[in-house]
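See below for the structure under consideration.
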Amino acid sequence: MSSFTTPLVVSPLPDGRRWKLVFQFGYDVGRKGSGDRITVPAGFVTDFASIPWILWRLLLWWLPYWAKYSKAAVLHDWLYRAKEIMGKLITRKKADKIFLESMLVEWRHHWSGRAIAYVEYWAVRLFGWPAWHWRKDERAKQ
């Protein structure tokens, strides 16, 4: 089973909608120790779930904006910015599949975890293309 390798430690920014990673944050793709590790660097800024307000109001009002189940959202935000894993470019579809995998890990003990994971996965598959194309490539800053 896949695994988050470090805890998620964030600090809120003054705008109240974004958070900054205090420490780097890690995830092993596929299974723990797989060698495919995603490391989100300290200082990365996330908004957790970037759900358009109309979807939030109509479909997802029962989900918290952020909660203890937010690791997958931070990971997904990073993948949409970096567009790579360990130096290898990835597709949007791969980023979204990793998002689903990480949600299934994170939500495995929640009573409706699988359903929530698939709802969120299909939301990013259907509506995530603007974020993939419009977000600046994080590698350009390095």
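Bear in mind that the values in this text are calculations on the coordinates, not laboratory data. This structure is a prediction, so every number in the text was calculated from the model and none was measured. In this analysis, Cβ positions are derived from the backbone assuming ideal geometry, glycine residues included, and neighbour counts consider all displayed protein chains.
Enter the Cα centre distance for the pair region 4-45 and region 87-137, rounded to the nearest angstrom.
15 Å
Any chance you could run the full-extension gain for T91 through A131? It's 0.36 nm times the residue separation minus the Cα-Cα distance, nm to one decimal.
Roughly 13.1 nm would be gained on extension.
Starting from the amide H of E84, placed 1.01 Å from N in the peptide plane, find each other amide H under 5 Å away whose residue is 5 or more places distant or on another chain.
Residues meeting the amide H criterion: I90.
Please give the net charge around S2, taking every other residue with its beta carbon less than 13 angstrom from that of S2, where Lys and Arg add +1 and Asp and Glu add -1.
+2
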